[in-house]
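Single-structure report; data block below.
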Amino acid sequence: MPRKFFVGGNFKMNGSQASIKTIVEGLNDAKLDGSNDVVIAPPALYLISVAAAVKAPVEVAAQNAYIKQSGAFTGEISPEQIKDAGVPWVILGHSERRSLFHDSDEAVAQKVKLAIDTGLKVIACIGETLEEREQGITSQVNQRQLEAIAAAIPEAAWKDIVVAYEPVWAIGTGKVATVEQAQEVHADLRQWLAKRVSPAVAEATRIIYGGSVTAKNSPELAKAADIDGFLVGGASLKPEFVEIARTKA
Ligand SMILES: O=C(CO)COP(=O)(O)O
């Protein structure tokens, strides 16, 4: 079965009630036909209103979740709370969480496990820094980050996981990976999944690319055999996101 193309929009810590309403209205007016999965991730404050306002086929994701369901963890939100808000997806392990908020591979894996156990679907992010790429350890870094997740979950959980490969050097820099650079890592990760988890999981799991994706570069990237969609940052706040959401594989 071909993998359904997946386009995510990660708003990060951007937007206001008014600007996010405009984005949601733009997506609703676009009447997307459901041939791609389209998921938007507004800041946590806006999850409930966006989940109520957005029309199918667009769905909503939180940008992070904690490793506990409740308790004295000021400032955090739990997978149960995300589910309770009517939000089916969560982004975990984003490089900004890893670098700025010290989410370790193990913490990301625990978060993925609890989110999956709670019934959420997960966009699990991995990616190497420029320094790591220049050291020639791109493959090791991405496999290490994915291994932590694979070790924490059963094979059946992979049906609810989308892997987002986001090279740190391409995020918010305007420096998009070339189709060849992205395809090489995606193919490597798919091979790794086949060996580490199973050929069936490798075949079915969407591996999406993130890092300076725009309406201009998305059609070319989408042609690569192992690029199954995008996680879009900056451009997800602009009208061109509707165009990216319509990208054909
Ligand atoms: O981090 C990203 C999405 O999660 C990518 O961000 P940009 O598209 O702004 O580079």
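Could you look through the stretch 131-166, keep only residues that are part of a loop (DSSP other than H, G, I, E, B) and more than 19 Å from residue 63 (Cβ to Cβ), and pick out the one that is farthest from the ligand (Cβ to nearest atom)? Walk me through it before giving the result.
Residues of the stretch 131-166 that are part of a loop (DSSP other than H, G, I, E, B), as a first pass: 135-137, 153-154, 166.
Then keep just the ones that are more than 19 Å from residue 63 (Cβ to Cβ); that gives 135-137, 153-154.
On the way: 135: 22, 136: 23, 137: 21, 153: 21, 154: 26 Å.
In this case the residue turns out to be 154.
Mind counting the residues in the stretch 213-227 that are open to solvent by less than 30 Å² (accessible area, probe 1.4 Å) and touching a helix residue (DSSP H, G or I) at 6+ places or on another chain (Cβ under 8 Å)?
Residues in the stretch 213-227 being open to solvent by less than 30 Å² (accessible area, probe 1.4 Å) and touching a helix residue (DSSP H, G or I) at 6+ places or on another chain (Cβ under 8 Å): 7 in total.
Suppose we filter the stretch 140-172 for residues that are more than 13 Å from residue 108 (Cα to Cα) and surrounded by fewer than 15 Cβ atoms within 10 Å (Cβ to Cβ); how many remain?
6
For the stretch 148-179, how many residues are within 13 Å of the chain's Cα centre (by Cα) and not aliphatic (A, V, I, L, M)?
4
Applying the selection to the stretch 215-240, what residues are within 14 Å of the ligand (Cβ to nearest atom) and over 16 Å from residue 11 (Cβ atoms)? Before the answer, list the steps.
Filtering the stretch 215-240 for residues within 14 Å of the ligand (Cβ to nearest atom) gives 215-218, 221, 229-238, 240.
Of everything in the stretch 215-240, those that are within 14 Å of the ligand (Cβ to nearest atom) and over 16 Å from residue 11 (Cβ atoms) turn out to be 215, 216, 217, 218, 221, 229.
Return only the number of the condition from (1) away from the ligand (no atom under 15 Å from the Cβ); (2) more than 30 Å from residue 53 (Cβ to Cβ) that residue 128 does not satisfy.
All conditions pass for residue 128, except number (1).
The values are calculated or read from the model by the stated rules, or taken from the named source; none is laboratory data. Just so we're clear, the structure is a prediction, and the values are computed from it rather than from any experiment. Cβ coordinates were reconstructed from backbone atoms using ideal geometry, including for glycine residues, and neighbour counts include every protein chain displayed. Just the protein is used for accessible areas: all its heavy atoms, side chains included, with ligands, DNA and RNA removed. Shrake-Rupley method; radii C 1.70, N 1.55, O 1.52, S 1.80 Å.
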